[in-house]
1. Being in a strand (DSSP E or B), under 11 Å from the mean Cα position of the chain (by Cα), modelled with pLDDT of 95 or more and loosely packed, with under 13 Cβ neighbours inside 10 Å is the requirement here; does residue 39 meet it?
2. Scanning for something within 21 Å of the chain's Cα centre (by Cα) and buried (at least 17 other Cβ atoms within 10 Å of the Cβ), does segment 164-172 turn up at least one residue?
3. Every residue in segment 106-124 that is farther than 16 Å from residue 176 by Cβ and touching a residue at least 24 places away in the same chain (Cβ under 8 Å), please.
4. Being farther than 18 Å from residue 175 by Cα, without any contact (Cβ under 8 Å) to a residue 12 or more places away in the chain, out of contact with any helix residue (DSSP H, G or I) (no Cβ under 6 Å at 6 or more places or on another chain) and in a loop (DSSP other than H, G, I, E, B) is the requirement here; does residue 54 meet it?
5. Could you list all residues from segment 106-115 that are in a loop (DSSP other than H, G, I, E, B) and surrounded by 21 or more Cβ atoms within 10 Å (Cβ to Cβ)?
6. Could you please give the count of residues in segment 72-89 that are over 15 Å from the mean Cα position of the chain (by Cα) and in a loop (DSSP other than H, G, I, E, B)?
């Protein structure tokens with residue numbers, strides 16, 4: 001009987017030892033090496049170059065009251081807070097037409113900008129606002145300050161031109177340059 005109990009005890013002990021599964025663990029570190037990234041695009045074109053804005057002066061009232069554009073929407077994607085500045089690429093418009101010598105129309109006093117909407121989480125910088133047009137120059141001016149980081153930070157602008165009656169017919173062109181900079 002003692003042999004039977006001993007054999008049963010050995011069998012149970014052996015069974016218990018076989019019920020345990022062997023295991024092994026491996027560990028690996030994953031590093032995310034993030035760089036600062038920022039992108040400014042026009043939503044209409046999906047690129048950094050927006051479609052041309054054509055302000056047509058067809059009537060005497062257009063010359064007397066000025067002409068405004070539709071809203072132009074821009075999107076910033078940034079992993080840090082940012083600001084946006086605006087300027088023109090020249091102090092004067094470039095003239096294309098039949099008058100010689102070419103007339104010189106300054107940007108200052110003729111071309112203005114108004115913010116249509118701002119969902120960047122930042123503040124609209126003075127003298128710009130959502131209620132009135134402020135003049136543009138070829139010197140960079142803060143447009144939006146301390147905007148929040150994110151992947152879809154939107155704002156829109158519109159332009160107003162008031163050249164008056166002092167300039168002959170033709171096409172007057174200037175580029176408006178927006179720059180988004182991380183803080």
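The values are calculated or read from the model by the stated rules, or taken from the named source; none is laboratory data. For clarity, every value in this text was computed on a predicted model and none was experimentally measured. Ideal geometry is used to build each Cβ from the backbone, glycine not excepted, and the neighbour counts take in all protein chains shown.
1. Details: in a strand (DSSP E or B): yes; under 11 Å from the mean Cα position of the chain (by Cα): yes; modelled with pLDDT of 95 or more: yes; loosely packed, with under 13 Cβ neighbours inside 10 Å: yes.
Yes: the conditions hold for residue 39.
2. no
3. Filtering segment 106-124 down to residues farther than 16 Å from residue 176 by Cβ leaves 117-124.
Within segment 106-124, 117, 118, 119, 120, 121, 122 meet the criteria.
4. Numbers: farther than 18 Å from residue 175 by Cα: no; without any contact (Cβ under 8 Å) to a residue 12 or more places away in the chain: yes; out of contact with any helix residue (DSSP H, G or I) (no Cβ under 6 Å at 6 or more places or on another chain): yes; in a loop (DSSP other than H, G, I, E, B): yes.
So residue 54 does not fit the description; no.
5. Kept after step one, since they are in a loop (DSSP other than H, G, I, E, B), are these residues of segment 106-115: 107-110.
Within segment 106-115, 107, 110 qualify.
6. Just the residues of segment 72-89 that are over 15 Å from the mean Cα position of the chain (by Cα), to begin with: 87-89.
Subset that is in a loop (DSSP other than H, G, I, E, B): 89.
Looking only at that region, the number is 1.
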